[in-house]
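Right, one structure below, let's go through it.
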Amino acid sequence: MFAVRDEDAALDIVQDAMLKLTERYAHKPSGELPLIFQRILQNTVHDHFRRQKVRSTWTTLLSALGKGDEKDDDHDPLETLPVQSASGVPVEPAAQLEQRQIVGQIEESLARLPARQREAFLLRYWEELDVAETAAAMGCSEGSVKTHCSRAIHALAEMLSAKGVRL
């Protein structure tokens, strides 16, 4: 089991797990609830770390784009994140260029996904919606969301691997 070192995040995770337990399993006998809660909590922690990893990857890649023109009304705030030397973001121009190229290849690969796969992937991993919220937003079942996300991830990995991109 992973340890969540951020106290606020840990409290949020426990709260989310408790809500899921009460929303979905209130009808179960009280003797079954501790085991069910433990499993829900484990899954919620795994979801937290998965989202954190995806967010970190995107933030690192997007922050490497450097500072945009502050006077430009159309600038993307993600492009203006400060680059910190301890963050692992390359400071050298060659490394920044390489990351810009990788971001471009990721964007091209995302654009090549079928619309439903792209929508599910972006809602789940960029907008950080859970499966149920994504299903509601897309007007489909939770199983369809999982299928679309799985296929999107595999297709993206295949497309990026064919381009020589390793994240």
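Just give me the residues in the stretch 1-23 being under 19 Å from Ala132 (Cβ atoms) and exposed (fewer than 12 other Cβ atoms within 10 Å of the Cβ), in sequence order.
Gln15, Thr22, Glu23
What pairs come up if the first residue lies in the stretch 84-106 and is within 22 Å of Ala155 (Cα to Cα), the second is modelled with pLDDT of 75 or more and part of a helix (DSSP H, G or I), and their beta carbons are under 9 Å apart, counting only those six or more places apart or on different chains?
If the second residue must be modelled with pLDDT of 75 or more and part of a helix (DSSP H, G or I), the pairs left are Ile102/Leu160; Gln105/Met159; Gln105/Leu160; Ile106/Leu156; Ile106/Leu160.
Within the stretch 133-149, how many residues are open to solvent by 40 Å² or more (accessible area, probe 1.4 Å) and either in contact with a His (Cβ under 8 Å, 6 or more places away or on another chain) or among the aliphatic types (A, V, I, L, M) (or both)?
The qualifying residues number 2.
Pairs, please: C-beta under 9 Å, at least 6 apart or cross-chain, first residue in contact (Cβ under 8 Å) with a residue 60 or more places away in the chain and in the stretch 121-150, second of a type in the set (Val, Ile, Thr) and open to solvent by less than 60 Å² (accessible area, probe 1.4 Å)?
Pairs found: Tyr125/Val54; Trp126/Val54; Glu128/Val54.
Residues are listed down the side, and each one gets a yes or a no for (1) surrounded by 15 or more Cβ atoms within 10 Å (Cβ to Cβ); (2) over 18 Å from the mean Cα position of the chain (by Cα); (3) modelled with pLDDT of 85 or more:
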{"residue": "His27", "(1), (2), (3)": "no, yes, yes"}
{"residue": "Asn43", "(1), (2), (3)": "no, no, yes"}
{"residue": "Phe49", "(1), (2), (3)": "no, no, no"}
{"residue": "Thr57", "(1), (2), (3)": "no, no, no"}
{"residue": "Leu61", "(1), (2), (3)": "yes, no, no"}
{"residue": "Asp74", "(1), (2), (3)": "no, yes, no"}
{"residue": "Ala95", "(1), (2), (3)": "no, yes, no"}
{"residue": "Phe121", "(1), (2), (3)": "yes, no, yes"}
{"residue": "Arg124", "(1), (2), (3)": "yes, no, yes"}
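Which condition breaks for Asp8 when tested against (1) at pLDDT 80 or above; (2) in contact with a helix residue (DSSP H, G or I) (Cβ under 9 Å, 6 or more places away or on another chain); (3) more than 25 Å from Arg151 (Cβ to Cβ); (4) of a type in the set (D, E, K, R)?
(2)
(1) outside any helix (DSSP H, G or I); (2) closer than 17 Å to Val131 by Cβ; (3) charged (D, E, K, R): which one isn't true of Lys28, the others all being true?
(2)
For (1) of a type in the set (A, V, I, L, M); (2) over 21 Å from Lys20 (Cβ atoms); (3) touching a Lys or Arg at 6+ places or on another chain (Cβ under 6 Å); (4) not in a helix (DSSP H, G or I), each residue gets a yes or a no:
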site: Ala95; (1), (2), (3), (4): yes, yes, no, no
site: Gln105; (1), (2), (3), (4): no, yes, yes, no
site: Ala111; (1), (2), (3), (4): yes, yes, no, no
site: Leu122; (1), (2), (3), (4): yes, yes, no, no
site: Tyr125; (1), (2), (3), (4): no, no, no, no
site: Ala132; (1), (2), (3), (4): yes, no, no, no
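The values are calculated or read from the model by the stated rules, or taken from the named source; none is laboratory data. On a predicted model such as this, the values are computed, not experimentally measured, just so you know. Counting neighbours? That spans all protein chains shown, and the Cβs are built from the backbone with ideal geometry, glycine included. With ligands, DNA and RNA removed, areas are computed over all heavy atoms of the protein, side chains included. Shrake-Rupley method; radii C 1.70, N 1.55, O 1.52, S 1.80 Å.
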